[in-house]
């Protein structure tokens, strides 16, 4: 569906976009959509989620409740249904798409990437792309056998999780039972399955933001990042790669995205890869803006969220340009019902620094609450500035 006539929010002419999940990335997508006069309906499992704070309207329901999802869709009649999280009722999305509703990028993409088993089997077994060695396990005994097969150290993750929830490293056979427990407690849905991945000897990880739009494909400059327990702690752009490795990375991303999109799907994809020299391995994919891509809010002429919205609406995406930039998330810990932030002025003291406070209503455990961003003449300097800025901000 390509928009030829744009309307006015809350009027009969409105073009409606419904967000399924309303976190910090969704909030920026909403802002970009509203710049084009799109009416946005933000949905999430809890009230006052970040995207709800800037949307035209909001609905609270369990994203895995297909009946509730269908009720809201049939009530608001959105032109676009845009998943922002993994743990949603993808079976219902498939049904809705068959009935004529537009799901971004496609219902199949949301379904396959929600479950690591689906995307890994597609990449490794159907498309024959290079990946780490892996096994799936539905019990502790199967996990122990799988870990022995891929070798130690190995990485154990629920087949459904995000932001590092439920992930751990087993360095020896005695660690496997603990990793199984962590995975079962951290899963976003009770699939009963985990994936165990063998270690790869790689030099660095990247996220290659890939946008599929009416004019074809667009690629952002590679984003380097550091993860701790599966959750990102720092990202920067551009990350230096050999021409051969970059060509291979783009080829891998294009193959996976094309397979997920079919003939009509479009949007932005965050494709994670491991790189060593000229070798590239596919790791994971998100059919939506990626957390490491928050750096693009300052490093690119069009952020990953603007690219996503342009692709959704069928708008042109001319050349994507980039300057050195970096991002560092600000974390909250413990239990906070009314989070406050100090040190913002100090965080913004250096030229070329920015801060985004997400507006999450509470902290439970360990949660990303804001991000510090910086630009500079070099990536090294941008990283230093972003880290210094983030350290000034305290959540309490």
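The values are calculated or read from the model by the stated rules, or taken from the named source; none is laboratory data. Bear in mind the structure is a predicted one, so any value in this text is a computation, not a measurement. Glycine gets a Cβ as well: all are built from the backbone with ideal geometry, and neighbour counts include every protein chain shown.
Key figures for this structure:
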{"quantity": "Residue among 224, 218 that is in a strand (DSSP E or B) and surrounded by fewer than 22 Cβ atoms within 10 Å (Cβ to Cβ)", "calculated": "218"}
{"quantity": "Answer from 282, 274 - the residue that is surrounded by 16 or more Cβ atoms within 10 Å (Cβ to Cβ), outside the structural domain of residue 80 (by TED's automatic domain parsing) and touching a helix residue (DSSP H, G or I) at 6+ places or on another chain (Cβ under 8 Å)", "calculated": "282"}
{"quantity": "Filter result for residue 26 (assigned to a loop (DSSP other than H, G, I, E, B) and at pLDDT 95 or above)", "calculated": "no"}
{"quantity": "Residue in segment 188-209 that is crowded, with 17+ Cβ neighbours inside 10 Å, over 25 Å from residue 325 (Cα atoms), at pLDDT below 90 and under 16 Å from the mean Cα position of the chain (by Cα) present", "calculated": "yes"}
{"quantity": "Single residue of 374, 345, 390 found to be over 17 Å from residue 49 (Cα atoms) and in contact with a helix residue (DSSP H, G or I) (Cβ under 6 Å, 6 or more places away or on another chain)", "calculated": "374"}
{"quantity": "Condition check for residue 377: more than 22 Å from residue 227 (Cβ to Cβ) and buried (at least 22 other Cβ atoms within 10 Å of the Cβ)", "calculated": "no"}
{"quantity": "Tally of residues being more than 18 Å from the chain's Cα centre (by Cα) and either in contact (Cβ under 8 Å) with a residue 24 or more places away in the chain or buried (at least 17 other Cβ atoms within 10 Å of the Cβ) (or both) across segment 350-365", "calculated": "11"}
{"quantity": "Qualifying residue in segment 21-44 (condition: farther than 27 Å from residue 327 by Cβ and in contact (Cβ under 8 Å) with a residue 60 or more places away in the chain)", "calculated": "no"}
{"quantity": "All positions within segment 243-266 that are touching a helix residue (DSSP H, G or I) at 6+ places or on another chain (Cβ under 9 Å) and farther than 21 Å from residue 120 by Cβ", "calculated": "266"}
